[in-house]
Amino acid sequence: MTATDNARAERRHYPRPGQPDFLQLYQESAQYRIELIREGVPAREVGELSALLAMSKESLLDALGIARATLSRKVRGNLPLAPDESERVLGVQALIGQVQAMVAEAEAPEDFDAAAWMSRWLTTPLAALGGATPASYLDTVEGQKYIANLLAMAQGGAYA
């Protein structure tokens, strides 16, 4: 097993004791994330992510633009998601990692739950989005980049 394989195995397969750490994913190189996307995220991670976000699986699937029938078939067959679906799931995980990085930089309390905060923020209509919710932008990579920029602006004191 190579060092990349070891790192990949270490990053995958949560839940871990306590809150999953998506900070590492957020800080990883684009090349590493592209490898994960090409390999495909295990379909079961969508259910794990919805539980972590305390968001119904249906709501998360709608936000990510993934068909429920497709997910069910892939979970039953223990199959990975397609690259485009994997990219959107990893994007949400990276957004959680971005919030974890912001919290670490701000020296917030250790027990701050980035996933719970992200879940609330994703479903809150924002003036910066014309009253839309950040979740409504998760179905495209460009939308996820836009949301990541809003988070960065909020950290810098701009609106969000």
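Summary of values
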{"quantity": "Probe 1.4 Å, protein heavy atoms only - accessible area per residue of region 11-129 in square angstrom", "calculated": "50 Å²"}
{"quantity": "Structure-based [θ]222 nm, the chain - -39500 (n - 2.57) summed over DSSP H runs of at least 4, per residue, nearest 500", "calculated": "-18000 deg cm²/dmol"}
{"quantity": "Length-normalised contact order of the chain in % [C-alpha pairs under 8 Å, at least 6 apart]", "calculated": "24 percent"}
{"quantity": "For region 110-160: relative contact order, % (alpha-carbon pairs under 8 angstrom, 6 or more apart)", "calculated": "23 percent"}
{"quantity": "Highest to lowest packing among 56-62, 72-78, 86-92, scored as the average C-beta count within 10 Å", "calculated": "86-92, 56-62, 72-78"}
{"quantity": "Protein accessible area in the chain, 1.4 Å probe - carbon and sulfur %", "calculated": "53 percent"}
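The values are calculated or read from the model by the stated rules, or taken from the named source; none is laboratory data. None of the values given here were measured: they were computed from a predicted structure. With ideal geometry, Cβ positions are generated from the backbone for all residues, glycine too; neighbour counts draw on all protein chains shown. Heavy atoms of the whole protein, side chains included, go into the accessibility calculation; ligands, DNA and RNA do not. Shrake-Rupley method; radii C 1.70, N 1.55, O 1.52, S 1.80 Å.
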